[in-house]
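Values in this text are rule-based calculations from the coordinates and carry no lab data. Quick caveat, the model's predicted, so the values are computed rather than measured. With ideal geometry, Cβ positions are generated from the backbone for all residues, glycine too; neighbour counts draw on all protein chains shown.
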Amino acid sequence: TKDSDTSKNLTEELDAQVDVLKTLNGAYADLGPLLDCVVFHDGEQWRAAIDVDESGDLSAAAALGAYKHTSDVGELCKRQLFYYTLNFYDEGRTLSIVTCAGSHSTHVAGILAAHHPEEPQNDGVAPGAQLLSLMIGDHRVGSMETGVGLTRAVNAIVEYGADVANMSYGEPSSSPNVGQWVQTVAQEVVRRHGCVFVSSAGNEGPALSSTGSPGGTSDGFIGVGAHVGYDQMLAEYAMYETVGDTVFTWSSRGPTPDGDRGVDVYAPGSAITSFPAYCKERLCLRNGTSMSSPNLCGVAALLVSAWKQEMGGASLSPYRVKNAIVSTAKPIGELHGAGMVQTDSAWQFLKRYAARAAEQVSWRTHVDDSRRARGIYLRNAEESAHARFFNVSVVPVFPTSEKARLEHDSDGENGRLESQTQFDFEQRLLLVATESWVSVPDALYVASQGNKFAARVDATKLQAGRLHTASIDAYDSTDVDRGPVFSIPVTVTKPLHVDASACVDLGTLQFRPTEIVRRFVAVPPGATRAHIVLRASNAAALESSPALFYLHCMQLEPATRFRKFFMRERVSIGHKSYGAGGGSAEQKETKTMDVIGGATLEVCLAQFWNQLGAHDIDVRVEFNGIVPANGGGALAEGGPLRAGITVHGSNAVARLDFIAPVRPEYDVSPSIVLTKARKTLRPHEAVISPLGAERDTHLATGSALYKLELDYRLETTREETQLCLHMPAVDTQIYENWADNFALAIFDANKRYLISQISYTSPLLIKQCGESLVRVQIRHRSAKDLEALKDIPLLVDVVLKSSIRLTTKFDMASIFTST
């Protein structure tokens, strides 16, 4: 009938619609919000209206100006209390929508300069300071700092004439005190433009040489560690029984790999202060050297402010501020003498030595060694096997000015004053070694061009396995009471020898609250694994609280970030040591890490700072190593075994020989599994061009930076392809990088943006098959230097869809037979 036909047609139509909806839904991908933005000039300044409601109606949208001119703030998401501000660049062609990439910066700013007139207990250290917020983290890479952000930040610091700067960011660095950005800060921001630059030392402790860059490794910065005191324990951590004032267990420690102190000073490393509105918390407790750094920066702001008020136009260099803070810090028993900041004492120091011209300078030390060193650091066994002799050069670093740089020689009044200051400079210094195993001359005369002296370090009679520290302190002979003008750290980690058993017992280590015990072991050549065995009985556990310990083991390899041979584990002692019925039972924990033969291993065990009670722990370290004998590496006396295997695909079989250089190994069952395939891509297009924006200029020259854009065609043959991209010449580096920035972005065949990565490339997922575009950008001040990279390959490691397991047998005949 007609009705039945109509019903049938309707059913078919509805079924067809359902099929279409299913098809569309399967192909749908939420690419995030799409907001209309209209930028215009109102006759006085640039403004923008943004359709945050996604209604398409801009008539009711607020037209915001640049925050730096108008203080305009808009709501990006009313429900989530998420706000934004605007900036305009390139004569309105670039609209920058500025939001939080996380809660970190708000908390840091609150510590430094929060101001609550009705609640002064919530004020920051310097509540009268004016804040300049500079975003160096990029939300596209998890708020990681980028070279672009760092460069633009230091340009803004100079543009706005900031007196002090705080940087609660940092990463491990393969080489200390190098890199174009680090040197720009030291020479331009600090030395030439007079900004006191404060930075966090890192949260990678408690092992030695765990400071991060830039704050814990670089000249020009004030590197700050994290301290916890009685008031913090009561107000922030609700401890029913407190411990002694101490350094937070996780706070990074020096020295740097080149022997410098690493941490200059300590400040409170925790705070309850401001948090972003979108987090639904007004105040929040956070800890870290990210918190101690703004605390110290607030102190620096107070000192600069007081100087301006009381000393008028008298010059105040960042070096003078650092000298006052470091010289008056309260001793806390730290390894290399860094103390807890004392604000009032620092101010009294500034006033007392206001007329002392030498306070305006910093000191650059250089120790003649196999590397560029700023201190003396004898870490490996061969370095402390005999007395060592060093030539040490000391050079004063004078502040300079932009005016002197720009003026002509014929009317160079500022330059004349700087030259006269250097001409008048002299220091008659008394040199003192704090330990008998360090020998130095009694006196040293230093003029503006510096001087040298010889030092002898004899570690042959020092106890093996322990840390030994000293310093070479220089005093002004006319005012010894001032304290050291500069100090050169001396660090010796004389390691224990490991015998043929490939094991070493570190004995029973005794712990009390906040206790840290370090032992140093010479890893046998050829060792690739270390097993750290902890044993604790409950003899004292019945009378003592269970406790959390940090086991932190680390080796250093030249020009390598310290995380390569690094293990930091939390171990609970006392929680598992009770036998059935309350009887005695031993607790045993074994932790394993990769090691490299020939380099000293630090085994650091620390009772976490807030843990109570006394604990005894037996520690044993065991080594083993099975390495290819035909991998192209050589086993040097006392040196590492570099292992690698090359198998030619055209051969049906390959012979692999292995050796166990550390101790006999039995029941070896080698397996070879192929998981990745490496492809090498060459760029199909490479273009070098200058960057036009004022914020993308080189601070020292004022000229535009250059960018090299490299385009690579990436072909994927299946969906959901996992891969990792590498460019060894410029990746895995930020602060030590010779370039201004390295970044890459991937676009699909329709030019749709997919993903970004920066220096620390990581595995990523390409969902669609076919061709994608990988665009790499490298920025540098020299177009000539970039020319050498126009044909640089991009390495692509593709994860195989199914891993390939190769057949391994102990004899040739078994490979080709099934029985």
## Note on the structure
In this structure, the FRET efficiency calculated for HIS116 and ASP748 from their beta-carbon separation, with R0 = 45 Å, to the nearest 0.05, is 0.35
### Task
Take the chain, compute every pairwise Cα distance, and split them into 10 Å bins from 0; I just need the percent in each bin.
2, 10, 18, 22, 21, 14, 8, 3, 1, 0, 0, 0
### Per-residue [θ]222 nm for the chain (sum of -39500 (n - 2.57) over DSSP H runs n ≥ 4, rounded to 500)
-5000 deg cm²/dmol
### Task
Answer rounded, prolate or oblate for the stretch 243-388, using the Cα gyration tensor with square roots of eigenvalues a ≥ b ≥ c: rounded when a/c is under 1.5, else prolate when a/b is larger than b/c, else oblate.
oblate
### Task
Using label points projected 7 Å from each Cα along Cα→Cβ, tell me how many nm separate GLN420 and ALA60, to one decimal.
6.8 nm
### Task
Quick one: order LYS679, LYS707, LYS280 by neighbouring beta-carbon count within 10 Å, fewest to most.
LYS280, LYS679, LYS707
### Task
Starting from the Cα of THR817, step 7 Å along the direction of its Cβ; do the same at SER345; then give the gap between the two resulting points in nm.
8.1 nm
### Query
Which whole-Hz ³J(HN,Hα) couplings does the stretch 165-175 yield from phi under the Karplus relation 6.51 cos²θ - 1.76 cosθ + 1.60, θ = phi - 60°, glycine and proline marked x?
9, 10, 9, 9, 9, x, 9, x, 10, 6, 9
### Task
Based on the mean of other Cβ atoms within 10 Å per residue, sort peptides 730-740, 132-142 so the most packed one is first.
730-740, 132-142
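Please rank ASP72, ASP696, fewest neighbouring Cβ atoms within 10 Å first, as an exposure proxy. Show your work: numbers first, answer last.
Details: ASP72 16, ASP696 20.
Starting with the residue having the fewest Cβ neighbours, the order is ASP72, ASP696.
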### Task
Multiply the residue gap between HIS684 and GLU586 by 0.36 nm, knock off their C-alpha separation, and tell me the result in nm, one decimal place.
28.9 nm
### Query
Relative to the present Cα-Cα distance, how much length would full extension add between THR807 and GLU159 at 0.36 nm per residue of separation?
226.8 nm
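Among HIS116, HIS408, HIS193, which comes first, second and so on when ranked by fewest other beta-carbon atoms within 10 Å?
Ascending number of Cβ neighbours within 10 Å: HIS408, HIS116, HIS193.
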## Note on the structure
In the structure shown, of LYS707/LYS801; LYS676/LYS767; LYS330/LYS351; LYS564/LYS676; LYS591/LYS676, the pairs separated by more than 26 angstrom at the C-alpha atoms are LYS707/LYS801; LYS591/LYS676
### Query
If you take the square roots of the eigenvalues of the alpha-carbon gyration tensor of the stretch 121-355 and sort them as a ≥ b ≥ c, do you get rounded (a/c under 1.5), prolate (a/b over b/c) or oblate?
rounded
### Task
Report the full-extension gain for the segment ALA314 to LEU234: residue separation times 0.36 nm, less the Cα-Cα distance, to one decimal in nm.
24.6 nm
### Query
Tell me, what is the FRET efficiency for SER436 and ALA559 to the nearest 0.05, using R0 = 25 angstrom and their Cβ-Cβ distance as r?
0.15
### Message
Apply the a/c threshold of 1.5 to the C-alpha gyration tensor of the stretch 677-805 and tell me whether it is rounded, prolate or oblate.
### Response
prolate
